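As structure tokens, the structure follows; a few thoughts come after it.
The values are calculated or read from the model by the stated rules, or taken from the named source; none is laboratory data. If you're wondering where the values come from, they're calculated on a predicted model, not measured in any experiment. A quick note on method: Cβ atoms are made from the backbone with ideal geometry, for glycine too, and the neighbour counts reach across all protein chains shown. Side chains included, ligands, DNA and RNA excluded: accessible areas come from the protein's heavy atoms. Shrake-Rupley method; radii C 1.70, N 1.55, O 1.52, S 1.80 Å.
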Amino acid sequence: ISGDIGEASFGMAMPLSASEEPREFGVGMTFAEMVIPDLLWNIFDPGAVLERTPATISLDITGTARLFESLFNPEVVESDDIPGELHSLSLNDLQVSVSGAELTGGGDFTFDNSDLESFDGLPRPKGAADFRLIGGNALLDSLIAMGLVSEQDAMGARMMMGIFTVAGPGEDELTSRIEVNDSGHVLANGQRMR
């Protein structure tokens, strides 16, 4: 059994010591142009229902956070308490491409650590993220045809997509904008969800 991958990378940066000011952190990973051999495809898709295009998974997240204690402190390691606070988070890149479907997204959020009430103990976020899904319905139809997903489960998935997405300009294209405003309201494409 063999396979090919065009690019594989992983990186992580994070503060380790306590500080008075927020410091930058980040995590990123890419597995691009992964080609699965036909021998493996034929095990779960002998009828070649799915598109056998190369798959890509890519994620890049950065942000700022402040640590109250050094992560090398044994008491911090043994404690269940979070030894810091999150100040900002950016989804710089999200790409998941498999079997003809592609999900992309990005967005930025800041966090108010003085408000731990609005989101049940979590700092209140503010910002927005945009997502786009192309070919999602076609992939779902293929999974139904293969017998991996039932019609009932697919109906539930499509109802969820209908709540959080709107039709995009292209064929089988869905877009979504998830936003948290100054009042702590969560909006999906302008419609209040919380």
- request: Could you tell me which numbered condition residue 146 fails, if it satisfies all but one of (1) free of Cβ contacts under 8 Å to residues at least 60 places away in the same chain; (2) farther than 25 Å from residue 63 by Cα?
  value: (1)
- request: Within region 92-100, identify whether any single residue is under 17 Å from residue 130 (Cα atoms) and touching a Phe, Trp or Tyr at 6+ places or on another chain (Cβ under 7 Å), and answer yes or no.
  value: no
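What tally of residues in region 1-17 results from selecting those that are of a type outside the set (Asp, Glu), open to solvent by 90 Å² or more (accessible area, probe 1.4 Å) and at pLDDT below 95? Walk me through it before giving the result.
Within region 1-17, the first condition is being of a type outside the set (Asp, Glu), and the residues that meet it are 1-3, 5-6, 8-17.
If we keep only those that are open to solvent by 90 Å² or more (accessible area, probe 1.4 Å) as well, we get 1, 10, 12, 14.
Filter again for at pLDDT below 95, leaving 1, 14.
Selection size over region 1-17: 2.
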message: Where the second residue is surrounded by 18 or more Cβ atoms within 10 Å (Cβ to Cβ) and the first is β-branched (Val, Ile, Thr) and lies in region 125-138, which pairs have Cβ atoms under 6 Å and are six or more apart or on separate chains?
response: 134/102
query: Residues in region 43-64: is at least one free of Cβ contacts under 8 Å to residues at least 40 places away in the same chain and touching a helix residue (DSSP H, G or I) at 6+ places or on another chain (Cβ under 7 Å)?
result: no
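Test residue 80 against the stated conditions and say whether it is open to solvent by 60 Å² or more (accessible area, probe 1.4 Å), at pLDDT below 90 and within 30 Å of residue 124 (Cα to Cα).
Working: open to solvent by 60 Å² or more (accessible area, probe 1.4 Å): yes; at pLDDT below 90: yes; within 30 Å of residue 124 (Cα to Cα): yes.
The answer is yes for residue 80.
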task: Restrict the check to region 18-39 and report whether at least one residue is part of a strand (DSSP E or B), on the phi < 0 side of the Ramachandran plot, surrounded by 11 or more Cβ atoms within 10 Å (Cβ to Cβ) and of a type in the set (Lys, Arg).
output: yes
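Within region 62-77, work out how many residues are closer than 24 Å to residue 125 by Cα, open to solvent by 40 Å² or more (accessible area, probe 1.4 Å) and of a type in the set (Val, Ile, Thr). Quick ask: steps written out before the conclusion?
As a first pass, look at region 62-77 and keep what is closer than 24 Å to residue 125 by Cα: 62-69.
Remaining after also requiring open to solvent by 40 Å² or more (accessible area, probe 1.4 Å): 62, 66, 68-69.
Among the residues that remain, those that are also of a type in the set (Val, Ile, Thr) are: 62.
Final tally of qualifying residues: 1.
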statement: Among (1) surrounded by fewer than 17 Cβ atoms within 10 Å (Cβ to Cβ); (2) in contact with a helix residue (DSSP H, G or I) (Cβ under 8 Å, 6 or more places away or on another chain), residue 101 falls short only on (1)
Residue list for region 163-192, filter: free of Cβ contacts under 8 Å to residues at least 24 places away in the same chain and out of contact with any Asp or Glu (no Cβ under 9 Å at 6 or more places or on another chain): 166, 169, 171, 183, 191, 192
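Scan region 40-85 residue by residue and report those that are of a type in the set (Ser, Thr, Tyr) and part of a loop (DSSP other than H, G, I, E, B). Working first, answer last.
Step one: list which residues in region 40-85 are of a type in the set (Ser, Thr, Tyr), which gives 53, 56, 58, 62, 64, 70, 79.
53, 70, 79 - these are the residues of region 40-85 that are of a type in the set (Ser, Thr, Tyr) and part of a loop (DSSP other than H, G, I, E, B).
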- prompt: Here are some conditions: (1) open to solvent by less than 80 Å² (accessible area, probe 1.4 Å); (2) under 22 Å from residue 149 (Cα atoms). Residue 46 meets all but one. Which one does it not meet?
  reply: (1)
